[in-house]
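Worksheet: the structure to be examined is printed underneath.
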Amino acid sequence: MKRVTAMMSTAGMALTLSLSGWAQAQTQTATLPTQTATVKGTVETIDHNRRVVNIKTSDGRFETIDVPSSATRFDEVKVGDKVSITYNNNVSARLKPAGEADVDTGNTASTAGQQARPGGTTALQRTMTATISAIDRNASSISFAGPNGWKYTRHVVEPAVFDTVKVGDKVDITWNTDVTVAMQ
């Protein structure tokens, strides 16, 4: 991992659809295994102006963490602090039945800043309806367009998916993401 910006910011989330579950019934939801990334180590450098922390892991690697402005206790982090950051991301997708209303919802919850040390957990759930804007069988990919100009193209692993979807079909995509930062 060169930069672990997604661990500290919901804006860095990536959609990880395999779409293999779509080969079943149209209203079936395809849920992918939770993706988990953990960085543990010692704070080596802090750039308060750029809000960047470099963490040295036990195997000697350095991980760069971008700290969002919402981390209100950033100024309490010190060189030499031991830190563990865990990012969990779970994505599900459901082919939307014709006529069902579009959705674009999100909510967050956080315990950040409520402990004796900086850190805490922030969770986000976001559901949005996206429209299949292009299908490229030769490249084995599907492109999506969603609210507020959101666009995404994903490689499709399971070729049977192409037989179950068409351009213009709508898909509900749900992300459940949480980030836990623990300072020792």
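Each value in this text was obtained by applying a stated rule to the coordinates, not by laboratory testing. Small disclaimer: the values here were computed from a predicted structure and weren't measured.
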**Asked** How much length, in nm to one decimal, is gained on full extension between S141 and H155, taken as 0.36 nm per residue of separation minus their Cα-Cα distance?
**Response** 4.6 nm
**Asked** Given N residues in segment 89-175, what is Rg(Cα) / (2.2 N^0.38 Å)?
**Response** 1.39
**Candidate aspartates and glutamates - alpha carbon under 13 Å from K40, same-chain residues fewer than 8 apart omitted** = D59, E63, D81
**Item:** Under the Karplus curve 6.51 cos²θ - 1.76 cosθ + 1.60, θ = phi - 60°, whole-Hz ³J(HN,Hα) for segment 81-93, x wherever Gly or Pro sits
**Value:** 4, 8, 9, 10, 10, 10, 10, 10, 9, 10, 10, 10, 9
**Request:** Could you work out how far the C-alpha centroid of segment 139-184 sits from that of segment 43-111, in angstrom?
**Result:** 20
